[in-house]
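The values are calculated or read from the model by the stated rules, or taken from the named source; none is laboratory data. Because the structure is a prediction, the values reported are computed rather than measured. A quick note on method: Cβ atoms are made from the backbone with ideal geometry, for glycine too, and the neighbour counts reach across all protein chains shown. The protein model used for the area step is the full one, side chains on, heavy atoms only, and it has no ligands, DNA or RNA in it. Shrake-Rupley method; radii C 1.70, N 1.55, O 1.52, S 1.80 Å.
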Amino acid sequence: MSTPSTRPGGSPRKHTALPKAEILIEALPWLTRHHGKTVVIKFGGNAMVNDELKAAFAQDVVFLRHAGLRPVVVHGGGPQISAQLDKQGLVSEFKAGLRVTTPEAMDVVRMVLAGQVQRELVGLLNQHGPHAVGLTGEDAHTITAVKHQPQIDGELVDIGRVGEITRIDTGAIEALLDDGRIPVVSSIARAEDDGHIYNVNADTAAAALAAALRAETLMVLTDVEGLYEDWPHSDEVISRLTASELEALLPELASGMVPKMEGCLHAVRGGVTTARVIDGRVQHSILLEIFTDEGIGTMVVPDPPEATGGKTP
């Protein structure tokens, strides 16, 4: 009599689930490499407004946590802020690529980020268990900033309550990570010197947190495939480049990519092992980038150490 696992005559039955096992085995070296490591993920772009992509993002982050990684999510909320400002009859204005943030606009920014975007994301993550905890940069002095005044045509310009990060305190985030939680951080900062709160760029906040946490990886979700080799003449994506190579390219980049790539540069020069810009329009892009050989975006790595002529430093 044959068993369920064999055909008559003793030949093994081919299991239809075998490809799933092969996929899991392919992920094994990456699971081993990243186990116990902190990963900071900047959530933004299309992944933030498309329901299917939002659900896939939440699944990816919870998967990372169950796979033994320590994910931290940082988010902004540009489209949602603009929609709420419009609803309240307030004009959305940008200078030097940054939102002009009046005191009235700052109230909206705070409400949307901490009360809408963050709550929705925490809710999606917690559909898979009691993992996610929301906080803003104000909480436990996590992010501290001073007023940022960009230069336009050689002159400093006042753009309101926009902050430049001066200090990061990782205590609250590390306590949550040690407790097995997933911190979800809104990009709002407390003031260093004037008692206000500040709107800070979410790409910059994610990079600063990644460096302060000595994260293994910073991942920035965006609406392009990665950093293009020669845009708009080519859509070939640069899969890997060093910090110095990126620094040389920065002056040529489109304005929307500058804070993302500056954040990647800051992160790897601050001790983060790799920084990656990945296409958030692709479902499960985080898992594809971390757990497969191919990767799907642009990875920035630190510059190689100087040659020492074979001598030990």
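See the values below:
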{"item": "Single residue of the stretch 83-99 satisfying the filter (within 23 Å of the chain's Cα centre (by Cα) and in contact (Cβ under 8 Å) with a residue 12 or more places away in the chain) that is farthest from Phe43 (Cα to Cα)", "result": "Ala96"}
{"item": "Qualifying residue in the stretch 241-260 (condition: at pLDDT 95 or above, in contact with a helix residue (DSSP H, G or I) (Cβ under 7 Å, 6 or more places away or on another chain) and under 24 Å from Lys147 (Cβ atoms))", "result": "no"}
{"item": "Qualifying positions in the stretch 12-66 - of a type in the set (Asp, Glu) and either at pLDDT 85 or above or open to solvent by less than 70 Å² (accessible area, probe 1.4 Å) (or both)", "result": "Asp51, Glu52, Asp60"}
{"item": "Only listed residue being under 21 Å from Thr273 (Cα atoms) and either in contact with an Asp or Glu (Cβ under 9 Å, 6 or more places away or on another chain) or in contact (Cβ under 8 Å) with a residue 24 or more places away in the chain (or both), chosen from Leu213, Leu125", "result": "Leu213"}
{"item": "Boolean, Gln149 is part of a helix (DSSP H, G or I), surrounded by fewer than 20 Cβ atoms within 10 Å (Cβ to Cβ) and over 17 Å from the mean Cα position of the chain (by Cα)", "result": "no"}
{"item": "Residue list for the stretch 152-182, filter: more than 24 Å from Asp107 (Cβ to Cβ) and buried (at least 22 other Cβ atoms within 10 Å of the Cβ)", "result": "Ile173, Ile182"}
{"item": "Val117 surrounded by 18 or more Cβ atoms within 10 Å (Cβ to Cβ), under 19 Å from the mean Cα position of the chain (by Cα) and part of a strand (DSSP E or B)", "result": "no"}
{"item": "Where a residue in the stretch 32-43 is within 20 Å of His75 (Cα to Cα) and its partner, wherever it lies, is aromatic (Phe, Trp, Tyr) and not in a strand (DSSP E or B), with Cβ under 9 Å and at least six apart", "result": "Ile41/Phe57; Phe43/Phe57"}
